[in-house]
Amino acid sequence: MYGIMAILKTVFDKYAIIVILLTVLFSLLIDAPKYRAKGFFKECKIVRIFSYLYIIIGIMIFIFLRAV
């Protein structure tokens, strides 16, 4: 168990989490409205679902790594 946590700490440091969250926010705030404007409603929905999912996962990983 400790080996897995050590690997996670090396892979997901705070800067990696920040980059992931910024990328997801860019996708949510920039790409989703462009898809909607062009009429790609299914793609817009998929982008929104994955963006919210990645935001939740990113925050959970950040909290988990802070707690450990």
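No value in this document is a laboratory result; all are computed from the given coordinates. This one's a predicted model, so the numbers in the text were calculated from it and none came from an experiment. All Cβ positions, even for glycine, are placed from backbone atoms using ideal geometry, and neighbour counts span all protein chains on display.
Just so you know, the averaged projected area of the alpha carbon convex hull for the chain sits at 4.8 nm². Helical content of the chain, expressed as a calculated mean residue ellipticity at 222 nm, amounts to -27000 deg cm²/dmol (DSSP H runs of 4 or more residues, -39,500 (n - 2.57) each, divided by residue number, nearest 500).
The slack in the chain from Lys45 to Leu29, taken as 0.36 nm per residue of separation less the alpha-carbon distance, amounts to 4.5 nm. Loop-only trypsin sites (Lys or Arg not before Pro) in the stretch 6-67, please: DSSP not H, G, I, E or B, and at most 13 other Cβ atoms within 10 Å. Within the stretch 6-67, no trypsin sites (Lys or Arg not before Pro) qualify (loop, at most 13 other Cβ atoms within 10 Å).
Take every Cα pair under 8 Å whose residues are at least 6 apart in sequence, average their separation, divide by the length of the chain, and the relative contact order is 38 percent. Here Lys34 is the anchor, and the lysines within straight C-alpha reach of less than 17 Å, apart from those fewer than 8 places off in the same chain, are Lys42, Lys45. Of the DSSP H helices in the chain, those that are both long (alpha-carbon extent of 15 Å or more along the helix axis) and hydrophobic (Kyte-Doolittle mean at least -0.5) are 14-26, 41-67.
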